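The values are calculated or read from the model by the stated rules, or taken from the named source; none is laboratory data. Note that the structure is a prediction, hence the values are computed from the model and not measured. Methodologically, a virtual Cβ is constructed for each residue, glycine included, from the backbone with ideal geometry; neighbour enumeration extends over all protein chains shown.
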Amino acid sequence: MRNLQEATERICELKGSLVALDALSTALIAALHPSQRVTVRAAFERHAEVARTVLLHAPVSEHTVSAFEVDCARHATLLAAEPWRDGGIESLLLATVRIAAPGGAAAPGGATGFLFARDGRTYLVTGRHVLLDAAGDHRPERIEIELHTDAADLRSTTIVPLELYRDGVARWVESADVAALEVGHDALPAAALRHAFTPAHLEVAALRPQAGSSVHVVGFPHGLHDTLHRLPVVRQASIASAFGLPFQGRACFLVEGRVLPGMSGAPVVMPMPAGPGDLPWALLGVHAARPEAAGRDPVDDPALGLSPAWYGAGLMALTRRESDAAPAP
């Protein structure tokens, strides 16, 4: 009787351990980037086939084999699922927009920006020099952004013009080399597929970003993009300075990677599996032009592959209105 009780207790312990492992594996799968899921799924299928062969030649019951097959099928389904996507495409790519500046002196390929929403308002965030660069004689009166209008046909887009001045006064607000231009709701077509970062995407502490952490920079390097589906490209980079500290006293951190002209204003992001809404990415920063520092060589420095990204948390101050301030007690 004692042996039966011990066996029962042991079976219960094993069940509890299996449930915990199942929860862990589900969480790990959910945290994987889509490209990593493809790799893991292929490896899982190989290992599962080996385990299946062992089980079929081992003295185990049909219940064991059946449970194995059920769990394998469930994990394969989880690995094949794409919760990162919306309407067949990753929402991150739809949150990043290409900017053209008719009449400006910017590169023909244009620049990069993204949408940021708070308190019922939507902003286009980009590099300040994309809107005005006196040194380069870049002074456009307006810019244009391209938005998708049909999730089933990504070739369908619309051009949205945005005026930069009202009665001769700039409509954007800026800090360092980051600018935020409020986009009126009447300026955005009702059919546009809009995905915007929010203050919730700035809560990055739980992800523990640090020097060496992998990040993604999404944009249009030298204007390069999918010209058929009108989508940006994603560059791999890594954090190259102490995250959370102002590099050289400026509100930025460094990223290492081949982030090229045309990507100024691009979002610098990390996967955020439990992120809010349909945009599961944490917004760490806004990629900027290379810093100008006394004594640096403007020709050789680009070979370092280092460039600054302004902390995303700064968008809260940049997009704050006086009416947003808490009333005095």
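Key figures
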read-out: Given (1) within 22 Å of the chain's Cα centre (by Cα); (2) surrounded by 12 or more Cβ atoms within 10 Å (Cβ to Cβ), index of the condition Ala205 fails; value: (2)
read-out: Single residue of segment 212-239 satisfying the filter (part of a loop (DSSP other than H, G, I, E, B) and within 18 Å of the chain's Cα centre (by Cα)) that is modelled with the lowest pLDDT; value: His225
read-out: Criterion: farther than 28 Å from Met272 by Cβ and either modelled with pLDDT under 75 or of a type in the set (D, E, K, R) (or both) - qualifying residue of Glu82, Glu13, Glu90; value: Glu13
read-out: Residues (among the polar types (S, T, N, Q), closer than 15 Å to Ala313 by Cα and part of a strand (DSSP E or B)) located in segment 153-202; value: Ser175
read-out: Within segment 160-187, considering residues that are touching a residue at least 40 places away in the same chain (Cβ under 8 Å) and of a type in the set (A, V, I, L, M), the one farthest from Arg121 (Cα to Cα); value: Ala176
read-out: Tally, over segment 268-279, of residues that are in contact with a strand residue (DSSP E or B) (Cβ under 7 Å, 6 or more places away or on another chain) and either at pLDDT below 90 or more than 13 Å from Ser307 (Cα to Cα) (or both); value: 7
read-out: Subset of segment 113-159 (residues that are farther than 25 Å from His225 by Cα and touching a residue at least 40 places away in the same chain (Cβ under 8 Å)); value: Arg118, Asp119, Arg121
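Rundown of residues vs (1) hydrophobic (A, V, I, L, M, F, W, C); (2) surrounded by 14 or more Cβ atoms within 10 Å (Cβ to Cβ); (3) modelled with pLDDT of 80 or more, yes/no style:
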{"site": "Thr53", "(1), (2), (3)": "no, no, yes"}
{"site": "Ser66", "(1), (2), (3)": "no, no, yes"}
{"site": "Phe114", "(1), (2), (3)": "yes, yes, yes"}
{"site": "Ala117", "(1), (2), (3)": "yes, yes, yes"}
{"site": "Thr122", "(1), (2), (3)": "no, yes, yes"}
{"site": "Glu144", "(1), (2), (3)": "no, yes, yes"}
{"site": "Thr149", "(1), (2), (3)": "no, yes, yes"}
{"site": "Arg155", "(1), (2), (3)": "no, no, yes"}
{"site": "Ile159", "(1), (2), (3)": "yes, no, yes"}
